[in-house]
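The values are calculated or read from the model by the stated rules, or taken from the named source; none is laboratory data. Remember, it's a predicted structure, so these values are computed and weren't measured experimentally. Here the Cβ positions follow ideal geometry from the backbone for every residue, glycine too, while neighbour counts run over all protein chains shown. With ligands, DNA and RNA removed, areas are computed over all heavy atoms of the protein, side chains included. Shrake-Rupley method; radii C 1.70, N 1.55, O 1.52, S 1.80 Å.
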Amino acid sequence: MRTRLLFVLVVALCTCVRAQTAFSVLLPESLADSALDGRLMVMLSTDTSAEPRFQISDGPETQLLFAQNADGWQPGSRVTVDAATAYGYPVASLADLPNGTYQAQALLHRYETFRRADGHTVKLPMDRGEGQQWNLAPGNLLSTPVQVTITDGRAGPIELTLDHAIPEIEQPEDTEYVKHIRIRSELLSEFWGRDMYLGAHVLLPEGWADHPNVAYPLAIMHGHFPSDFGGWRTTPPDTTQPCVYSARFGLDCYNRTVEQEAYDFYRLWTGPDFPRVIAVEIQHANPYYDDSYAVNSENLGPYGDAITYELIPEIERRFRGIGEGWARFVYGGSTGGWEALAVQVKYPDEYGTCYAACPDPIDFRAYTVVNLYEDANAYYLDSRFKHTERPGHRDSLGHVSSSLREMNQRELVLGDRSRSGQQWDIWEAVYSPVGPDGYPRRIWDKVSGQIDPEVAEYWRENYDLTHILQRDWAELGPKLRGKLNIYVGDMDNYYLNNAVYLAEDFLRRVDFGGEITYGDRAEHCWNGDPTQPNAISRLRYHRMFIPKWAGKVSELAPAGADLTSWRY
């Protein structure tokens, strides 16, 4: 009797133990003729409105992602993704995946091998014209979504097959006004050990062809990867297209608003009173992100020098730019705001004025909500007894939709070693020294959030813009007075206004001569226009900052500068 009872008890216990969920992904020989490296992802979604690859986000609407590295994956073989090998977001382990019915999709984000001039060999996802977007990158392999059911009693892994590659992206064609250039960078090619290119979309001023003897100022807009010149449209909005609602701004038919603003800019640009300048949007996507932050970096290479001394002069040579620092001005928002301020500070003689809207953290005492020099942990408030997470994203009323830890967890799943192609990882790739393995040294442990003070000190001396301004103001001040302008909403979604407050404390004390303006209850990315809601002002960078510069350039240009020939 005792033996029988023991047997029944063991059987009962076994039926309560859940079989581990696993996936087996096939790389067909038809999709590869040699071994592949990359990040293998399995995505699960309960939302059938779109492919799972388009439903991974920081917000509460996110679906599920599990991923691991695939090194030397041979065509015709399978790779198993399970709790022992994969890390997940927002559910950290496949062992904790809830039962249910999902749409499942696999994707291989392909890596290339780079043998850099610094002696390190690294594997990274090269941009392929999409602006470093893992779910859109041409050549990435993926499976057609299929329905799967997760149950406790399932035996064996769920099989998925990579069955197609993301196609190439069609490049934009030149028009009467918009030209596209692409140059091989000697500086970057030497660093990366392979051919590397920089590009730009160039908007020519009205009358450019009719004034062959006129040289023009350069209006350089920094920002995320532009597929073409943004905010430009030569025809009225297409009212045959269905209206698209903007959840962010609570506006219906926002797609038509965007098109109307682009068309209005075209009419202003070609009208009689708009300043005649050459407007430029730069393409500098790289193996870590959709742009380089326009500065030199141990991990990315000399992008600052390459843009300033190779790309910009080539644009001026081809399209008759004036070619002097006073006649180049920079502007942008968010990443572009940081870049505009950074190049003005780091290349004060090469650029004449900057307009930085909602810039990424310009003082690392307020690295969003983290003080990198005093806080011990990035994810949690310092406390002996509490474990309070720091917020990562808020709305204009302060409601938090994701924590800083969650945002970094998503990045770690998308790619280890700062290879996610996302925001926190690119800051790390740009600002950090190279680690012993050839990848960026972590500013903090990606899982625990523990900050590395040695890396933080490197960041301070090389990329903390407020610290650099304070440290070097005796030299920089005479060159920058009147040229630094900063705008940010006081309810920026990413708390970027916090760093601006700290920068303002210093700049006001030294009478810097520029503007610092805050938008009341304005979210990311407010650009300084108090007359328009954020939904509109964010679409008006060119039409706002170009006239602003033209109205002030006479105060900043050197004696004898040509301020008239391009004003026709």
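Principal-axis analysis of the Cα atoms of the chain puts helix 2-16 at an angle of about 20° to the longest axis.
Using just the alpha carbons, could you tell me how many Å³ per residue the convex hull of segment 201-290 encloses? Provide the component values of the computation, followed by the final result.
Details: hull volume 12.7 nm³, N = 90.
Cα convex hull per residue, to the nearest whole number: 142 Å³.
The share of accessible area on segment 251-377 that comes from carbon and sulfur is 44 percent, using a 1.4 angstrom probe. Spread over its residues, the convex hull of the C-alpha atoms of segment 491-568 is 116 Å³ per residue. Here TRP232 sits with roughly 40 square angstrom of accessible surface, probe radius 1.4 Å. In this view, the solvent-accessible surface of ILE468, computed with a 1.4 Å probe and all protein chains in place, comes to about 10 Å².
Tell me, in nm to one decimal, what length is gained between GLU206 and ALA84 on full extension, where the rule is 0.36 nm per residue of separation less the Cα-Cα distance?
On the way: separation 122, 0.36 × 122 = 43.92 nm, distance 6.13 nm.
Once the chain is fully extended between GLU206 and ALA84, it gains 37.8 nm.
Taking the Kirkwood radius as the inverse of the mean 1/r across Cα pairs, report the Rg/Rh of the chain.
Working: Rg = 25.8 Å, Rh = 25.6 Å.
Rg divided by Rh gives 1.01.
Here is the result for segment 101-207: no chymotrypsin sites (Phe, Trp or Tyr not before Pro) lie in DSSP coil with at most 16 other C-beta atoms within 10 angstrom of their C-beta. Note on THR149 and THR564: with the Förster distance fixed at 51 Å, the Cβ-Cβ geometry gives a FRET efficiency of about 0.10. Put the Cα centre of segment 114-135 next to the Cα centre of segment 502-559 and the gap is 35 Å.
Sorted by accessible area (1.4 Å probe), largest first, how do LEU268, LEU300 line up?
Values: LEU268 70, LEU300 0 Å².
The ranking, largest first, comes out as LEU268, LEU300.
Three principal axis extents describe the C-alpha atoms of segment 107-239; from largest down they are 77, 54, 21 Å. Helix 541-556 and the long axis of the chain differ in direction by around 40°, with both axes built from C-alpha atoms.
Relative intensity of segment 436-528 on a log10 scale, I(q)/I(0) at q = 0.11, 0.19 Å⁻¹, equals -0.45, -0.99, per a Debye sum over C-alpha point scatterers of equal strength in the absence of solvent. Note on ARG194 and TYR245: the model spin-label points, each 7 Å out from Cα along the C-beta direction, lie 4.4 nm apart.
Counted over the chain, the DSSP beta bridges are approximately 70% antiparallel.
Residues of segment 233-259 with the amide nitrogen closer than 17 Å to a label point 7 Å from the Cα of LEU397, along Cα-to-Cβ, please. The answer is 247-251.
Taking amide H positions as modeled 1.01 Å from N, with prolines and chain starts lacking one, the residues under 5 Å from THR161 and 5 or more places away or on another chain are LEU26. Using bins of 5 Å that start at zero, the share of Cα-Cα pairs per bin across segment 350-457 amounts to 2, 11, 19, 24, 20, 13, 7, 4, 1, 0, 0, in whole %. Gain on full extension, evaluated as 0.36 nm per residue between LYS386 and LYS479 minus their Cα-Cα distance, stands at 28.7 nm.
Over segment 260-334, the Kirkwood radius and the radius of gyration, each from Cα atoms, give a ratio Rg/Rh of 1.04.
Cα-based radius of gyration for segment 71-118, normalised by 2.2 N^0.38 Å, reads 1.60. Note on ASP445 and GLU457: their simple-model spin labels are 2.1 nm apart, each label 7 Å out from Cα toward Cβ.
Relative to the longest principal axis of the Cα atoms of the chain, helix 335-346 runs at roughly 50 degrees.
Kindly report the accessible area of the chain per residue (heavy atoms of protein chains, probe 1.4 Å, no ligands, DNA or RNA), in Å². Don't jump to the answer; show the numbers that get you there.
Values: 23800 Å² over 568 residues.
That works out to 42 Å² for each residue.
Can you give the Rg/Rh ratio of segment 267-419, where Rg is from the C-alpha atoms and Rh is the Kirkwood radius? Numbers along the way, then the final one.
Values: Rg = 19.6 Å, Rh = 18.4 Å.
So for segment 267-419, dividing Rg by the Kirkwood Rh gives 1.07.
Note on TYR309 and THR101: with the Förster distance fixed at 60 Å, the Cβ-Cβ geometry gives a FRET efficiency of about 0.60.
Sparsely packed loop sites in segment 52-139 (the GluC sites (Glu not before Pro) outside DSSP H, G, I, E and B with at most 14 other Cβ atoms within 10 Å) comprise GLU61. So which trypsin sites (Lys or Arg not before Pro) in segment 229-298 are both in a DSSP loop and have at most 15 other Cβ atoms within 10 Å of their Cβ? When the trypsin sites (Lys or Arg not before Pro) of segment 229-298 are filtered for loop state and at most 15 Cβ neighbours within 10 Å, ARG248 remain. Centre-to-centre separation between the Cα atoms of segment 325-399 and those of segment 268-287: 25 Å.
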